[in-house]
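One structure is given below, encoded as structure tokens.
The values are calculated or read from the model by the stated rules, or taken from the named source; none is laboratory data. No experiment lies behind these values; they were computed from the predicted model shown. All Cβ positions, even for glycine, are placed from backbone atoms using ideal geometry, and neighbour counts span all protein chains on display. Side chains are part of the model used for accessible areas, which takes the heavy atoms of the whole protein and leaves out ligands, DNA and RNA. Shrake-Rupley method; radii C 1.70, N 1.55, O 1.52, S 1.80 Å.
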Amino acid sequence: MTTTAPELAIVLPVYNEGEAVEPVLRALSAAVTTSHELVVVYDFDGDTTVPIIARLAPEIPGLRGLRNDLGRGVLNAMKAGIAGTSAPYVLISMADGSDEPHVVDPMVALAHGGADVVSASRYMRGGHQIGGPPLKRLMSRVAGLSLHHLAGVPTHDPTNNFKLYSRGFLDAVTIESTAGFELALELTVKATLMGRPVAEVPTTWRDRTAGQSNFKLRKWLPHYLHWYRAAFVGRVRRLAGRAPRS
């Protein structure tokens, strides 16, 4: 048992994942060599994931559950995970097995090199996306590539929530998101507008094979569009020689 504080907090929001979360946690624990803790954030004590965490905690180093007391939903779970950890780096990952554990250490390496945001990118060279609703896939790809090529966002995949953030950057921004998975886009756009270094690594995203996705495209789309517009407004201001507002 080590007393050394972890360098990385891996935050996984969950909602009734049950037994399906076990292989995800074991894969992360086996693949990530950076000193880390696995923080599983749940909304209510009756969540079916809670007893699984209790059973696995003695076996998986650094695994713990964290109750989200900010209000139900994936956004508040991610915010609770950020606030409930103190490691120098925070990684958001999904508990459904869609993210690749072996890219976490390369993400940390880029953060060591100075990046405040490191994106696991489906749309850069070497990245892939397997499965998922066609409309959602198309919109995500178009948004990511247009923000990269036209708005100057340094990653090809700003909407992917599989991202690593430096604690210094998180402490320097105020999270304004109100609708779930828009958080990754907000923080990536804000880092770009602030001139913070943003990096990326290729990843293969796989649609979940168990359970049901909590992504709500129709409800969240207006919130995505807000940050999409903010990126382009910031780009115009930069080109015009005007500093963006903080």
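Summary table below
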quantity	calculated
0 to 90° range, to nearest 10: angle between helix 134-149 axis and the chain longest Cα axis	50
Candidate lysines for bridging to Lys219, where Cα separation is under 17 Å - those fewer than 8 sequence places away on the same chain excluded	Lys136
On Cα atoms only, tilt of 217-239 relative to the major axis of the chain in degrees	50
Helix-only CD estimate at 222 nm, as mean residue ellipticity for the chain, using -39500 (n - 2.57) per DSSP H run (n ≥ 4)	-12000 deg cm²/dmol
GNM top mover of Ser93, Ser119, Ser140 - the chain, alpha-carbon springs below 10 Å	Ser140
Cα gyration tensor, segment 83-224 - rounded (a/c under 1.5), prolate or oblate	rounded
Segment Leu70-Ser86, length gained on full extension (0.36 nm per residue, minus Cα span)	4.0 nm
Accessible area of the chain belonging to carbon and sulfur atoms, whole % at 1.4 Å probe	57
Segment 70-147 - percent relative contact order, Cα under 8 Å, separation 6 or more	14
Mean Cβ count within 10 Å, highest first, over the residues of peptides 53-61, 96-104	96-104, 53-61
For segment 16-67, convex hull of alpha carbons as volume per residue, Å³	63
Cα gyration tensor shape of segment 1-98, rounded if a/c is under 1.5, else prolate or oblate by comparing a/b with b/c	oblate
Contour excess over end-to-end distance, with Cα ends at Ile130 and His102 and 0.36 nm allotted per residue	8.4 nm
Approximate spin-label separation Asp45-Ala5, in nm, with each point projected 7 Å along Cα-to-Cβ	3.0
Net length gained if the chain between Ser35 and Arg206 were fully extended (0.36 nm per residue, minus Cα distance)	59.0 nm
Two-site FRET efficiency, Arg26 against His149, from Cβ-Cβ distance with R₀ of 35 Å, rounded to 0.05	0.35
Distance in nm between pseudo-label sites at His112 and Ala172 (7 Å out along the Cβ direction from Cα)	2.2
Alpha-carbon centroids, segment 4-30 and segment 122-163: separation in whole Å	24
Order by protection proxy (mean Cβ within 10 Å, highest first), peptides 124-133, 39-48	39-48, 124-133
Charge tally in the Cβ shell below 13 Å around Gly126, where Lys, Arg are +1 and Asp, Glu are -1, Gly126 excluded	-1
Cα gyration tensor shape of the chain, rounded if a/c is under 1.5, else prolate or oblate by comparing a/b with b/c	prolate
The chain: angle of helix 21-31 to the longest principal axis, Cα-based, in degrees nearest 10	70
Average accessible area per residue (Å²) across the chain - probe 1.4 Å, nucleic acids and ligands excluded	47
Net charge over other residues, Cβ less than 10 angstrom from the Cβ of Ala87 (K, R count +1; D, E count -1)	-1
Exposure ranking of Arg64, Arg167 by accessible area [1.4 Å probe, largest first]	Arg64, Arg167
